[in-house]
Amino acid sequence: MKKIVLASASERRITLLKKWGLKFEICPSNLKEKTKFKKPSAIVKDLSLQKAKAIQKQKKDSIIISADTIVVLNGKIIGKPKNKKHAIQILNKLNGSRHKVYTGVTIISPEKQENFYDVATVKMRKIKPEQVKFLSEKNLDKAGAYAVQDKQDNFVEKIYGDYYTVVGMPYYKLKEKLKIFNINLKLN
């Protein structure tokens, strides 16, 4: 069995893959994220592919898994906040909204490659300014400045689609694609 490498330092992705029974090495790509694509699905697929290929140069005989997640509101990409003030602006835009979360994933080995994405729609609660301020201090490293998996945040009202897509690693599509590499995931 080939060694599995996760091309990410994301605590969420690390936790999920461990929870699903994978044993892997962590090797973040530290890639400058640039793409020529404009369509959200193409952007996340391209960026995840770039990350996987960057790590594949170092880990030639391994199976590399990489991912990229973006939040899209009214056709505009909402990235990670630059600072607390920017996080407040993002959270105010998302407050009471419905938006989409796209996660692109690449699985690559010397023999084969799978590059795919999943999308989920997120309905947000309307929250008070003091709650926005509280959230703005917590999630500066996350697209959209919120963490669906943090139960204290209580900002997400409903998810239409795979919860794990919103967290940053679409379980159901990943499970199917990993079978091509003779790797089985188990949802605990």
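Here are some notes:
- Anisotropy class of the stretch 51-128 from Cα gyration tensor, a/c 1.5 cut: prolate
- Cα pair distances of the stretch 118-167 binned at 10 Å [whole percent]: 26, 57, 17, 0
- Rel. contact order, % - alpha carbon contacts under 8 angstrom, at least six apart, the stretch 13-96: 19 percent
- log10 of Debye I(q)/I(0), alpha-carbon scatterers only, for the chain at 0.10, 0.16, 0.18 Å⁻¹: -0.39, -0.96, -1.18
- Residues residue 141 and residue 57, FRET efficiency given R0 of 45 Å [Cβ-Cβ distance, rounded to 0.05]: 0.95
- Here the residues 68, 141, 162, 61, ranked from fewest to most Cβ neighbours within 10 Å of their Cβ, fall in the order 61, 141, 162, 68.
- Out-of-range pairs (alpha-carbon distance over 19 Å; input 76/138; 32/173; 38/126; 36/76; 51/93; 76/142): 76/138; 32/173; 38/126; 51/93
- Using a cutoff of 8 angstrom between alpha carbon atoms and counting only pairs six or more residues apart, the relative contact order for the chain works out to 22 percent.
- A helix-only calculation puts the chain at -9000 deg cm²/dmol for mean residue ellipticity at 222 nm, using -39500 (n - 2.57) for each DSSP H run of at least four residues, averaged over all residues.
- Converting phi to 3J(HN,Hα) with the Karplus coefficients 6.51, -1.76 and 1.60 and the offset θ = phi - 60°, the stretch 115-123 yields 9, 8, 9, 9, 9, 10, 9, 10, 9 Hz in sequence order, with x at every glycine or proline.
- Spacing of the modelled spin labels on residue 77 and residue 154, each 7 Å from Cα toward Cβ, amounts to 3.4 nm.
- Length added when fully stretched, residue 182-residue 30, from 0.36 nm per residue minus Cα-Cα: 51.9 nm
- Of all DSSP bridge pairs formed entirely within the chain, close to 85 percent run antiparallel.
- Taking amide hydrogens as placed 1.01 Å from N in the peptide plane, the amide H of residue 150 sits under 5 Å from that of no residue at least 5 positions away in sequence or on another chain.
None of the figures in this text is laboratory data; all of them are computed from the coordinates on show. For clarity, every value in this text was computed on a predicted model and none was experimentally measured. A quick note on method: Cβ atoms are made from the backbone with ideal geometry, for glycine too, and the neighbour counts reach across all protein chains shown.
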